[in-house]
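What follows is a single structure, written as structure tokens, with notes after it.
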Amino acid sequence: MSRQAPSPPTRGRPRDPRTRATILAAARALLERGGLTAVTIEAVAGKAGVSRPTIYRYWPNAPAVAMAAFLDASGAPTAARASRSPLAALRAQLHAVADAFAAPTGRSIAAMVAAAQSETELAKSFRNEFIARNRDAARLLLERCVEEKLVDRPPDIDLALDLIFGPLFYRLLMGHAPITRGFVDQLIDAVIPARA
């Protein structure tokens, strides 16, 4: 009987999920209170009661910690709940995006969106971890809505997604009107009206 070789030991102490949660809570508090500029490695370490090297074991820099705190607070997209109608799941996912933008961290998110015009690590992280992830989840749900004949197929699915997400970012950046769940519902009904 052959025995499996033991896996090589990992270097350093294993990561503790409680430590990670403590760091994220500290970063989120700093983000809510002082915006992006308040989230420094030193400030997070002091608030979380951990050393700077401990933070660097989880994230490479302060923007990555800030983004992780935002993503942790906003939650992951709920793309595939089999028991839920895909149209209801799409609304719920976009409601979660609106809630994230309307939360106290919304001002910081606006700064992240503004920073996305440059090639900073924060901009890349925001595009890849929040925008792309939510857009991909929305695409899957929209395709399921079409398959289940809940909505007509848009002539261009990418354009339909732009028409839904674009106004959310516009309101976030311009601040001329609130981002609400009702606004999300209006967007969905205008861009991909449900079949009668």
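Structure notes:
- Rh (Kirkwood; distinct C-alpha pairs) - segment 19-59, Å: 9.7
- Efficiency of FRET from Cβ geometry, residue 196 and residue 133, R₀ 30 Å, rounded to 0.05: 0.40
- With the whole protein complex present, residue 87 retains an accessible surface near 30 Å², based on a 1.4 Å probe.
The values are calculated or read from the model by the stated rules, or taken from the named source; none is laboratory data. Note that the coordinates shown come from a computational prediction; the quantities given were computed from them, not determined experimentally. No Cβ is skipped: glycine too gets one built from the backbone with ideal geometry, and neighbour counts run over all protein chains shown. Areas reflect the complete protein model, heavy atoms only, side chains present, ligands, DNA and RNA absent. Shrake-Rupley method; radii C 1.70, N 1.55, O 1.52, S 1.80 Å.
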